[in-house]
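No value in this document is a laboratory result; all are computed from the given coordinates. Small disclaimer: the values here were computed from a predicted structure and weren't measured. Cβ coordinates were reconstructed from backbone atoms using ideal geometry, including for glycine residues, and neighbour counts include every protein chain displayed.
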């Protein structure tokens, strides 16, 4: 018997926003807008760099109490405006080097993400799919176990995005 999941776990979330697709797209491609909604509620986000193009990087820090910062980055693989973003994301250090999740040694080093935006009747349907990328069996299991937490985290973050779009 193996510890390896039969099929790799996939995180999937869909959210409808009361905004046109171009406005939702701008919230992902404009650093000033990203700081208004990205990350957990109550924790400011600092954008170290945003190079929004294929092979570009979004490098950021989530500011935590006590002066601690949790760094992360997205490396863009594909950008098809205004409908699709494919990226690899990871935790990082301040210099942008990939690091382990500071809260889980078994969390995958990288996640492969595909986000699509579809406009329907003045609303935008966002679909996000993520899978562990180049992960060990242990990392795959940790990712599968963390899907509920991802759902809650992205749900809260997308609540902030909805409020930003409505402002």
- Message: Using a 10 Å cut-off around each Cβ, can you sort 60, 76 from fewest to most neighbouring Cβ atoms?
- Response: 76, 60
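Which whole-number percent is the relative contact order of the stretch 1-68 (Cα, under 8 Å, 6+ apart)?
Working: 48 pairs, mean separation 12.4, N = 68.
Normalised by residue count, the contact order of the stretch 1-68 is 18 percent.
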- Note on the structure: Yeah, the stretch 26-167 with a ≥ b ≥ c from its alpha-carbon gyration tensor (a/c under 1.5 is rounded, else prolate when a/b outruns b/c, oblate otherwise) is rounded
